[in-house]
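Please read the structure below before turning to the comments.
The values are calculated or read from the model by the stated rules, or taken from the named source; none is laboratory data. The structure presented is a predicted model; accordingly, all values stated were derived computationally and were not measured. Note: ideal-geometry Cβ built from the backbone for every residue, glycine included; neighbour counts use all protein chains shown.
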Amino acid sequence: MPKNEKDITVPTKEDYFPGIPVVVDCDTLQEDDWHKYRLLGIGGSDSPIVVGCSPFATPNGLFHIKRGTPVKLDMDTDKWFIFEYGHAMEDLVARMFAHKTGFEVLVDTRMYRHPKHSFMQANIDRVVKLPDGKIAILECKTTTYFNKDAWKTGPPRYYEIQCRHYMAVCNVDVVYIACIFGNTPADFVCHRIDRDYDLEAELIEAERDFWENHVMVGIAPPYSADAEKEIEVLRKHSGKADPTLPPIQLESEYLPHVEQYLAVQAERKRQEKIVDALKEKEKSLQLPFWEELGTATKCIIPIPREEGSYYEVSASPRSRTKTDLDKLRLVYPDAYADCVSVEEESSRVFSLKKKKKKKGKAS
């Protein structure tokens, strides 16, 4: 571990980025105030959303956040753990980086703003003092073991975009991005990202367009290709369903959309029938192997023309946990009441059907 460990954990006020305006020192802010400052511009974690490469959010969703659109239905109740875990692990990632490189790593709690493009802001994880006296930035990440392959040749693109945003705001040429994906020293990866002014110019233009032509004028960007996330955005800002409300009367301009939807739905059902038939065919072709296997879990079929090669057929047992909720409710009512809860609106089921008004009744 680094000799001077306090340098990694104690914020300093040295001027690391000369000429870069400081918006606020976040070390002095309450969380609610910090979120208010984030609304004043586009931050590093916002930048991949703006360019449409974030797996976590869409430009339309970010637009509503920056506009301060009220959230009426909380659909992110478990995300607090992800953020808390990432924040708690930051220091360990920074310590691992310092241990691997020998570089001096420092905390900087200030929020910076681009000197020319005021809509660009940056909260960096760590400052790195390089041996030649130059300053770099360290971005600290965590992920699961299942995502380690995504980090083999470099960080995921959405994280690279975030790092390039920080380069632009703070005017630095190097960002290191380090990640821990397990609980051993071997489960650590780090990549160096060097500044690319052409990519940076494209990013700045995309952020300028998003900020000036959407956020500032209140015009939402087009929906992305991720319809599931876009529906979440609409539900989040609309609120809980109210079954007591009367039907909304839409104009006939929606009819082409209805016809297109029904055509796509019919094609999906046709394709599902084909898939179901293929699955059934697969099952029927399994029967001879099940007959041979009996209680065994594997059988081997040599390939005559390929010495040493063979096909392996397996039928491995799987277990699952079942909960008898009726028994729990009837026999252990206190435990049932304590452990079982119902979300008022975990989802909403969309349906589009053709109907006719009943005589004497409204539809």
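H237 meets the conditions (1) touching a residue at least 24 places away in the same chain (Cβ under 8 Å); (2) within 30 Å of D132 (Cβ to Cβ) in every case but one. The failed one is (2). Quick check, is R318 of a type outside the set (F, W, Y) and within 35 Å of the chain's Cα centre (by Cα)? Here the answer is yes, as R318 does meet what is asked.
Of all the residues in the stretch 62-90, those that are among the hydrophobic types (A, V, I, L, M, F, W, C), over 18 Å from G44 (Cα atoms) and not in a loop (DSSP other than H, G, I, E, B) number 4. Number of residues in the stretch 36-52 that are within 13 Å of the chain's Cα centre (by Cα) and part of a loop (DSSP other than H, G, I, E, B): the value is 3. With respect to the conditions (1) over 24 Å from V189 (Cα atoms); (2) touching a residue at least 60 places away in the same chain (Cβ under 8 Å); (3) not in a helix (DSSP H, G or I), P55 falls short on a single one, namely (1).
In the stretch 96-152, the qualifying residues are those that are acidic (D, E) and assigned to a loop (DSSP other than H, G, I, E, B), and the one that is surrounded by the fewest Cβ atoms within 10 Å (Cβ to Cβ) is D132. Here is the figure for the stretch 37-59: residues that are in contact with a Leu (Cβ under 9 Å, 6 or more places away or on another chain) and either of a type in the set (A, V, I, L, M) or loosely packed, with under 13 Cβ neighbours inside 10 Å (or both) total 4.
Considering only residues in the stretch 174-210 that are of a type in the set (S, T, Y) and at pLDDT 95 or above, the one that is surrounded by the fewest Cβ atoms within 10 Å (Cβ to Cβ) turns out to be Y197. Among the residues of the stretch 82-141, those identified as within 22 Å of V169 (Cβ to Cβ) and of a type in the set (G, A, S) are G86, A94, S118, A122, G133, A136.
Take the stretch 103-129 and flag every residue that is free of Cβ contacts under 8 Å to residues at least 60 places away in the same chain and out of contact with any strand residue (DSSP E or B) (no Cβ under 6 Å at 6 or more places or on another chain). If the condition is that a residue be free of Cβ contacts under 8 Å to residues at least 60 places away in the same chain and out of contact with any strand residue (DSSP E or B) (no Cβ under 6 Å at 6 or more places or on another chain), then K116 is the only one that fits. Residues in the stretch 268-297 that are assigned to a loop (DSSP other than H, G, I, E, B) and touching a strand residue (DSSP E or B) at 6+ places or on another chain (Cβ under 7 Å): T297 only.
Please work out if V217 is surrounded by fewer than 14 Cβ atoms within 10 Å (Cβ to Cβ), of a type in the set (A, V, I, L, M, F, W, C) and touching a residue at least 12 places away in the same chain (Cβ under 8 Å). Against the criterion (surrounded by fewer than 14 Cβ atoms within 10 Å (Cβ to Cβ), of a type in the set (A, V, I, L, M, F, W, C) and touching a residue at least 12 places away in the same chain (Cβ under 8 Å)), V217 does not qualify. Pairs meeting the criteria (first residue in the stretch 132-146 and over 21 Å from F81 (Cβ atoms), second residue in a helix (DSSP H, G or I), beta carbons under 8 Å, at least 6 apart or on different chains) are I137/C163; I137/Y166; I137/M167; I137/C170; L138/A94; L138/F97.
Of all the listed residues (E228, E212, E202), the sole one being under 20 Å from T58 (Cβ atoms), assigned to a helix (DSSP H, G or I) and touching a residue at least 60 places away in the same chain (Cβ under 8 Å) is E212.
Of all residues in the stretch 264-291, those that are modelled with pLDDT under 95 have Cβ atoms under 9 Å from Cβ atoms of residues that are surrounded by 10 or more Cβ atoms within 10 Å (Cβ to Cβ), 6 or more apart or on another chain, in Q286/V313; Q286/A315; F289/C299; F289/V313; F289/A315; W290/A315. What is the number of the single condition among (1) loosely packed, with under 10 Cβ neighbours inside 10 Å; (2) among the aromatic types (F, W, Y); (3) under 37 Å from the mean Cα position of the chain (by Cα) that Y336 does not meet? Failed condition: (1).
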